[in-house]
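Below: the structure, in structure tokens.
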Amino acid sequence: MPKRSDPRGEEVDDAELDELRRRKMADLQRQQQQHAMAEEQQKQIDTQKQMIMRQILTPEARDRLATLKMAYPDIARSVEDQLIALVQSGRINQQVDDNMLKQILRKIAPQKREINIERK
């Protein structure tokens with residue numbers, strides 16, 4: 001059986017080399033499938049989130065949240081998660097309008113720091 005030397009100087013059979021390639025290829029395919037499944041699940045979650053947001057937010061509030069999402073995606077995601085939790089727990093039983101969303105954002109958004117520069 002033909003033998004080859006690998007970079008470390010060890011001899012490897014062609015059959016062993018083929019087996020190693022086959023295993024590596026199978027591992028890569030499995031990882032790719034898992035990644036594709038995770039992406040699909042994330043897309044489904046995002047779609048469900050968007051449907052819930054359409055039901056509980058007025059058009060003006062949705063616009064405000066979309067603008068916030070462009071500037072501060074982490075804060076917008078937090079607001080969305082909290083709104084969904086409030087709806088699921090039954091604390092919100094009406095549509096959230098722009099004013100109510102502003103109040104929620106004031107409570108959630110980090111407070112601005114005032115910086116004073118003193119000259120001596």
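For this structure, a couple of remarks:
- In summary, the chain shows an alpha-carbon radius of gyration equal to 1.99 times the 2.2 N^0.38 Å reference for compact globular proteins.
- Pairs of Lys residues in the chain that lie 8 or more places apart, or on two chains, and have C-alpha atoms under 22 angstrom apart add up to 9.
- Helix-derived mean residue ellipticity, 222 nm - over the chain, DSSP H n ≥ 4, -39500 (n - 2.57), to 500: -24500 deg cm²/dmol
- At most 10 other Cβ within 10 Å, DSSP loop - trypsin sites (Lys or Arg not before Pro), region 23-115: Arg91, Lys112, Arg113
- Exposed GluC sites (Glu not before Pro) absent: longest stretch of the chain, with sites in DSSP loops and at most 10 other Cβ within 10 Å deemed exposed: 11-113
Read-outs throughout are calculated quantities, based only on the coordinates presented, and are distinct from any laboratory measurement. Predicted model only: the values in this text are computed from it and were never measured. So basically every Cβ, Gly included, is an ideal-geometry build from the backbone, and we count neighbours across all protein chains shown.
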